[in-house]
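The values are calculated or read from the model by the stated rules, or taken from the named source; none is laboratory data. Because the structure is a prediction, the values reported are computed rather than measured. Note: ideal-geometry Cβ built from the backbone for every residue, glycine included; neighbour counts use all protein chains shown.
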Amino acid sequence: MDQIIGHYISGRCITETQHSGPVFNPSTGEEIARCAYADATTIDLAVKAATSPNAKKWAKASHAARLQVLFKMRELMVSRTAELAEIIGREHGKTIPDAIGEIGRAIEGIEFACNAPHVTKGEYAHNVAGDIDVFSIRVPVGVVGCITPFNFPIMIPAVMMSMAVSVGNSIVWKPSEKVPSAALFFANLWKEAGLPDDVFNIVQGDKVAVDAILEHPGIAAISFVGSTQIGEYVYQKGTSYNKRVASFTGGKNHMVVMPDADLEAAANAFVSAGFGSASQRCMAVSLLIPVGAETANKLRELIIEKTKALKLGAYNDPQADFGAVISAQSKQSVLKAIDQCVADGAELILDGRDYEHPEYKNGYYIGPTLFDHLKTDMDFYKQEVFGPARGILRVNTLDEAIEVTNSHEFGNGSVIFTRDGKSSHRFFMEVESGMVGVNVPVPLPVSYFNFGGLRRSKFGESHLYGPDAARFYTKLKTISQKWPAPEENDQTISLAFKIT
Ligand code: NAD
């Protein structure tokens, strides 16, 4: 009997389940466990825990008391990094250094969540009229339903949930069923850090679990990160149940390189941000947009040489630059996108379709693949390809580069490489992307800035990270109060609607 990776409710792991699905090690292609899949009854159990008196006590706890737990959690994440990186790598396929990098960003998110008292403190106006003072406060929304993707098993959940917990909410979290183990490890760390049972609950599963979360009246807010198709569905369904929803979705990030740029630095940035984590990052650079034929030709040669030097390997191979993609289906869909692009007439200059790992022939590996002469009407240009296949789309001017970037369905991140301040200024002012980089490979902001894309890379106005996250996870109340001495009480009735 395979090991069952279960739910975590009221501080206890539950492995009994009617339904389950396989969990694979992408580096080898082996099934390593089964993941329990929650139904509506399990979701209800988790919501009951999250609304229990124990969870309500957390909502009423002082900031100081909550912060003690967050400080401890941060220390535990630091001291248990190596164990957690191994768990992430085994189910995700990313290399250990990449997993350690992800945990570092998770820790940064927890550190920022310790600022909750500062970012949620309200406003105050004294004596607005007749000795009345007005002030605003932010209170927890209640239960937050979190639905997360496979590609960052810890960073996204930690950044999202540490703020939600820090402001006093309780959590019902559905991790990706492809990477369920890191979630349980994370839950155990919260327990060790002193978070009361019932505040942090995990329900493993698939669409059935997501639908039950979206429909449950006890859940007030939904944080979703994942693909655009599912994110749009979650946003529409969640808001139709009158929930507050923030949904962060796919991207196709453009990297524009001007003729005056440091081409060596630009090529390095493209290779590292393009192929890192087997290109399975929402902020991965997907497309190179060189301005002018000479820039394109020089960059193409540099990138071919640097990409050929990359080494694929298992997550725990210390020599590996990147690993397998997440699943056999994902490998198939990336290969299909490459075949289609060849058929559509782009020039295939690096072909990784036949790559086979010498030891792990069943691992989900795809060698680095690169196209030149992409066109904007090709599917490969339009779709998010979540695997190591990247493309070059040539343009003649910065105007054209900005127009191409802005015409894409997605507006997550975009980058310019240039030595000219005027080009840089024009680019970041005119480009319609939520996160913009100048001479940096990945414009992923630090956690004290808001993170999020534009257009169909995000549904809903709020943010899940940064100061806006604290606002998303709290409700605003505005209080008008007066404390007259008994002899100052107003003895008259006035039906006029006026401020005095
Ligand atoms: P996904 O949409 O397949 O899954 C995300 C979550 O939705 C998972 O928990 C999954 O179990 C659930 N889900 C899957 N199918 C569902 C369905 N039919 N109905 C309801 N729920 C369903 O995404 P993924 O493959 O896990 O992650 C990769 C995607 O996430 C990419 O598109 C990537 O760009 C995106 N992403 C975006 C950001 C961002 O901040 N914008 C960050 C990371 C990843």
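Brief remarks on what is shown
- Total residues in the range 93-132, condition exposed (fewer than 15 other Cβ atoms within 10 Å of the Cβ) and over 30 Å from GLN280 (Cβ atoms): 12
- Some residue of the range 419-431 being assigned to a loop (DSSP other than H, G, I, E, B) and without any contact (Cβ under 8 Å) to a residue 40 or more places away in the chain: yes
Results for (1) within 12 Å of the ligand (Cβ to nearest atom); (2) among the β-branched types (Val, Ile, Thr); (3) within 22 Å of the chain's Cα centre (by Cα), shown as yes or no for each residue.
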site: ASN169; (1), (2), (3): no, no, yes
site: TRP173; (1), (2), (3): yes, no, yes
site: GLU177; (1), (2), (3): yes, no, yes
site: ASN188; (1), (2), (3): no, no, yes
site: VAL203; (1), (2), (3): yes, yes, yes
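- Among the residues listed as PHE380, PHE371, PHE386, the single one being of a type in the set (Phe, Trp, Tyr), in the same structural domain as ALA266 (by TED's automatic domain parsing) and in contact with a Ser or Thr (Cβ under 8 Å, 6 or more places away or on another chain): PHE386
- Condition check for GLY460 on (1) surrounded by fewer than 18 Cβ atoms within 10 Å (Cβ to Cβ); (2) under 15 Å from the mean Cα position of the chain (by Cα): one failure, at (1).
- Inside the range 469-497, residues that are of a type in the set (Val, Ile, Thr) and surrounded by 10 or more Cβ atoms within 10 Å (Cβ to Cβ) make up a count of 3.
- Matching residues in the range 214-229 - criterion: being assigned to a helix (DSSP H, G or I) and more than 9 Å from the ligand (Cβ to nearest atom): GLU215
- Of everything in the range 452-466 that is more than 19 Å from VAL436 (Cβ to Cβ) and more than 11 Å from the ligand (Cβ to nearest atom), the residue that is modelled with the highest pLDDT is GLY460.
- Taking every residue in the range 51-62 that is assigned by TED's automatic domain parsing to the domain that holds ILE9 and free of Cβ contacts under 8 Å to residues at least 24 places away in the same chain and pairing it with any residue that is of a type in the set (S, T, N, Q) and outside any helix (DSSP H, G or I), at least 6 positions away or on another chain, the pairs with Cβ-Cβ distances below 9 Å are LYS56/SER170.
- Counting the residues of the range 230-239 that are farther than 19 Å from PRO157 by Cβ and either within 7 Å of the ligand (Cβ to nearest atom) or not in a helix (DSSP H, G or I) (or both) gives 1.
- Any chance GLU83 is assigned to a helix (DSSP H, G or I), within 16 Å of the ligand (Cβ to nearest atom), in the same structural domain as ASP468 (by TED's automatic domain parsing) and in contact (Cβ under 8 Å) with a residue 12 or more places away in the chain: no
- Residue among ALA267, ALA278 that is of a type in the set (A, V, I, L, M), assigned by TED's automatic domain parsing to the domain that holds THR307 and either surrounded by fewer than 24 Cβ atoms within 10 Å (Cβ to Cβ) or free of Cβ contacts under 8 Å to residues at least 40 places away in the same chain (or both): ALA267
- Number of the condition not met by ASN242 [criteria: (1) without any contact (Cβ under 8 Å) to a residue 24 or more places away in the chain; (2) within 12 Å of the ligand (Cβ to nearest atom); (3) of a type outside the set (Phe, Trp, Tyr)]: (2)
- Qualifying residue in the range 37-54 (condition: surrounded by fewer than 17 Cβ atoms within 10 Å (Cβ to Cβ), of a type in the set (A, V, I, L, M, F, W, C) and at pLDDT 95 or above): yes
- Restricting the range 348-406 to residues that are among the hydroxyl-bearing types (Ser, Thr, Tyr) and under 25 Å from MET283 (Cβ atoms), the residue that is nearest to the ligand (Cβ to nearest atom): TYR364
- Exactly one residue out of ASN450, ASN412, ASN489 is under 23 Å from the mean Cα position of the chain (by Cα) and without any contact (Cβ under 8 Å) to a residue 60 or more places away in the chain, and it is ASN450.
- From HIS425, HIS373, HIS357, residue being of a type outside the set (A, V, I, L, M) and at positive phi: HIS373
- Residue match in the range 125-140 (condition: within 16 Å of the ligand (Cβ to nearest atom) and either part of a loop (DSSP other than H, G, I, E, B) or not hydrophobic (A, V, I, L, M, F, W, C) (or both)): no
- Scanning the range 230-268 for residues that are under 20 Å from CYS282 (Cβ atoms) and of a type in the set (Ser, Thr, Tyr) yields TYR233, TYR235, SER247, THR249.
- Taken over the range 1-36, the criterion of being among the hydroxyl-bearing types (Ser, Thr, Tyr), surrounded by 22 or more Cβ atoms within 10 Å (Cβ to Cβ) and touching a strand residue (DSSP E or B) at 6+ places or on another chain (Cβ under 7 Å) is satisfied by TYR8 alone.
- When the range 143-163 is limited to residues that are outside any helix (DSSP H, G or I) and aliphatic (A, V, I, L, M), the one that is farthest from the ligand (Cβ to nearest atom) turns out to be VAL143.
- Residue among SER272, SER277 that alone is more than 7 Å from the ligand (Cβ to nearest atom), part of a helix (DSSP H, G or I) and at positive phi: SER277
- Residue in the range 487-499 that is among the hydrophobic types (A, V, I, L, M, F, W, C), in contact with a strand residue (DSSP E or B) (Cβ under 9 Å, 6 or more places away or on another chain) and not in a loop (DSSP other than H, G, I, E, B) present: no
- Hits in the range 438-447 - residues which are more than 15 Å from the ligand (Cβ to nearest atom) and free of Cβ contacts under 8 Å to residues at least 40 places away in the same chain: VAL438
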